[in-house]
Amino acid sequence: MRIIKKETYEELSRCAADMILAAVREKPECVLGLATGSTPIGTYDCLAAACREGKATFRQAKTINLDEYTGLGENDPQSYRFFMEEHLFRHIDIRRENTHIPNGLAPDAAEECKRYEALYERLGGIDLQLLGIGQNGHIGFNEPSRALEAGTHVVELSESTRIANSRNFASLSAVPHGAITLGMGGILKARRILLLASGEQKKEALRKAVHGKVDPEVPASFLQLHPDVTVICDFSLTL
Ligand code: PGA
């Protein structure tokens with residue numbers, strides 16, 4: 001793993017955006033694996049600015065997001081489709097049909113997982129996967145568990161994740177209990193991975209992910225098995 005320490009969230013965001021822009025310039029038709037949450041917002045702002053200023057184009061790029069809450073549709077402001085439109089897609093020149101997020105309203109969630117898995121294969125895998133990390137060590141919605149799933153699956157969100165995410169909802173009870181997420185296999189098959197962690201509250205999770213044992217109770221620790229992971233954080237990982 002390559003660890004890059006930045007002084008501020010702005011520098012972290014700039015650095016992450018530069019890596020993504022380089023990937024798109026090198027391979028305009030690349031497949032980007034994207035994440036939601038507060039961490040990548042600054043990165044998305046930089047990508048939007050680059051596109052606005054004519055320094056980048058996403059015309060041929062494709063995106064596949066990690067996850068979506070079950071029960072939320074794309075017009076729901078809490079859905080991840082809504083988040084991606086708001087923070088990135090409507091600010092760049094990507095084609096809507098080239099952006100992919102699980103359908104949280106699919107009548108049969110198991111079927112939706114199969115569709116998403118097939119889509120992943122059809123896209124030819126992910127060139128660059130952007131990740132955040134949960135305070136509990138999750139990546140995507142692969143929650144700490146005695147065993148992790150490789151494929152796209154329906155997950156019951158942990159209480160700690162629901163509490164962490166409740167800041168975006170009117171109340172904790174409004175936070176969905178489930179989600180559809182790419183599995184660990186889909187993440188680890190990405191050719192390159194870029195993990196962002198901002199704020200001291202992520203320090204312990206990142207320390208375990210980078211320096212701890214590979215442990216399904218810390219899903220991000222499986223990234224140690226991947227040959228091309230870059231971590232960008234805005235705090236020092238040393239004790
Ligand atoms: P955050 O979420 O960026 O909002 O902290 C990260 C995550 O839970 O993966």
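The values are calculated or read from the model by the stated rules, or taken from the named source; none is laboratory data. Not measured: the values here are computed from a predicted model. Here the Cβ is made from the backbone with ideal geometry for all residues, glycine too, and neighbour counts use every protein chain on show.
What the table below lists for this structure:
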item: Residue satisfying all of: in the range 107-130; in contact (Cβ under 8 Å) with a residue 12 or more places away in the chain and in a loop (DSSP other than H, G, I, E, B); nearest to the ligand (Cβ to nearest atom) among these; result: ILE126
item: Criterion (within 16 Å of the ligand (Cβ to nearest atom), at pLDDT 95 or above and among the acidic types (Asp, Glu)) met by exactly one of GLU10, GLU29; result: GLU10
item: Single condition THR43 does not satisfy, out of (1) within 16 Å of the ligand (Cβ to nearest atom); (2) not in a helix (DSSP H, G or I); result: (2)
item: Pick from the range 90-102, criterion under 19 Å from ILE126 (Cβ atoms) and either in contact (Cβ under 8 Å) with a residue 12 or more places away in the chain or touching a Gly at 6+ places or on another chain (Cβ under 8 Å) (or both), ranking: surrounded by the fewest Cβ atoms within 10 Å (Cβ to Cβ); result: ARG95
item: Residue, surrounded by the most Cβ atoms within 10 Å (Cβ to Cβ), within the range 209-239, restricted to residues that are in contact with a Ser or Thr (Cβ under 6 Å, 6 or more places away or on another chain) and farther than 19 Å from GLY183 by Cα; result: ASP234
item: Residues of the range 138-157 satisfying the condition of being within 11 Å of the ligand (Cβ to nearest atom) and either in contact with a helix residue (DSSP H, G or I) (Cβ under 7 Å, 6 or more places away or on another chain) or more than 22 Å from ARG115 (Cβ to Cβ) (or both); result: HIS138, ILE139, GLY140, ASN142, GLU143
item: Condition met for ILE133 (modelled with pLDDT of 95 or more, on the phi < 0 side of the Ramachandran plot and away from the ligand (no atom under 14 Å from the Cβ)); result: no
